[in-house]
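Have a look at the structure below before the remarks.
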Amino acid sequence: MAPRATKAARAARTSAARAARVARQAPQPSPPPPAPAPPTPPAPAPPAPPRTPRGERGARRDVPCLGCVRSLLAGRSDGSCYDSTRGGRCFRCSSGHTCASLPAGTLPVVRLLFEAQENAAPASRMRALRAAVRVCLEAHLGAEEEQEEEAEEEEEEQEEEEDELVARRARIVRLLTELVGLLVR
């Protein structure tokens with residue numbers, strides 16, 4: 001029985017040696033990775049420059065535009081009109097409004113209103129000047145509207161005359177064709 005025990009012992013040793021080799025060749029489990037550090041808050045972004053379609057406010061204009069005067073009359077602003085760094089409109093109108101020039105006849109009254117405002121005139125004087133500016137604007141703008149209406153009427157009359165002239169020419173051509181037809185027969 002000894003040979004069997006020896007054989008069994010040899011087989012056990014061989015198995016143990018194989019297991020030891022396999023264990024040496026097998027990768028050893030790596031230690032767990034260190035815990036991640038807590039995230040640091042991101043640095044605050046620098047403030048963005050103001051995004052405005054108007055650009056920067058330029059120098060004050062000597063003659064305000066019609067929109068700025070209307071803004072003054074409505075009480076929405078002090079009526080100051082400034083150049084814009086973008087385009088030919090004033091600063092207030094460059095955000096999308098039409099920047100129309102002030103009618104020439106209203107300028108003296110508008111300047112009186114600005115002087116009264118700068119000198120802190122009494123409220124009754126300011127009301128009277130505002131009313132005067134409104135009357136001047138309505139008179140000048142009303143006259144411009146009338147001129148536009150008259151120009152439109154003249155254009156319509158010219159179109160009617162042109163249509164009549166075209167109709168006459170067509171009639172003359174028709175008559176001449178008939179005349180030529182009669183002469184050729």
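Some points to look at:
- For the range 74-116, a tally of residues being over 25 Å from Glu56 (Cα atoms), without any contact (Cβ under 8 Å) to a residue 40 or more places away in the chain and either touching a strand residue (DSSP E or B) at 6+ places or on another chain (Cβ under 8 Å) or open to solvent by 20 Å² or more (accessible area, probe 1.4 Å) (or both) returns 7.
- Checked against (1) modelled with pLDDT of 75 or more; (2) over 30 Å from Leu72 (Cα atoms), Arg185 passes all but condition (1).
- Qualifying residue in the range 120-142 (condition: out of contact with any helix residue (DSSP H, G or I) (no Cβ under 7 Å at 6 or more places or on another chain), open to solvent by 100 Å² or more (accessible area, probe 1.4 Å), part of a loop (DSSP other than H, G, I, E, B) and at pLDDT 75 or above): no
- Any hit, the range 162-171, residues being open to solvent by less than 100 Å² (accessible area, probe 1.4 Å), of a type in the set (Val, Ile, Thr), on the phi < 0 side of the Ramachandran plot and touching a residue at least 24 places away in the same chain (Cβ under 8 Å): no
- Residues in the range 47-73 that are of a type outside the set (D, E, K, R), exposed (fewer than 10 other Cβ atoms within 10 Å of the Cβ) and at pLDDT 75 or above: Ala59 alone.
- Yes/no for Ala151 being part of a helix (DSSP H, G or I), within 24 Å of Cys65 (Cα to Cα), modelled with pLDDT under 80 and not charged (D, E, K, R): no
The values are calculated or read from the model by the stated rules, or taken from the named source; none is laboratory data. Keep in mind it's a predicted model, so treat the numbers as computed, not measured. Note: ideal-geometry Cβ built from the backbone for every residue, glycine included; neighbour counts use all protein chains shown. Heavy atoms of the whole protein, side chains included, go into the accessibility calculation; ligands, DNA and RNA do not. Shrake-Rupley method; radii C 1.70, N 1.55, O 1.52, S 1.80 Å.
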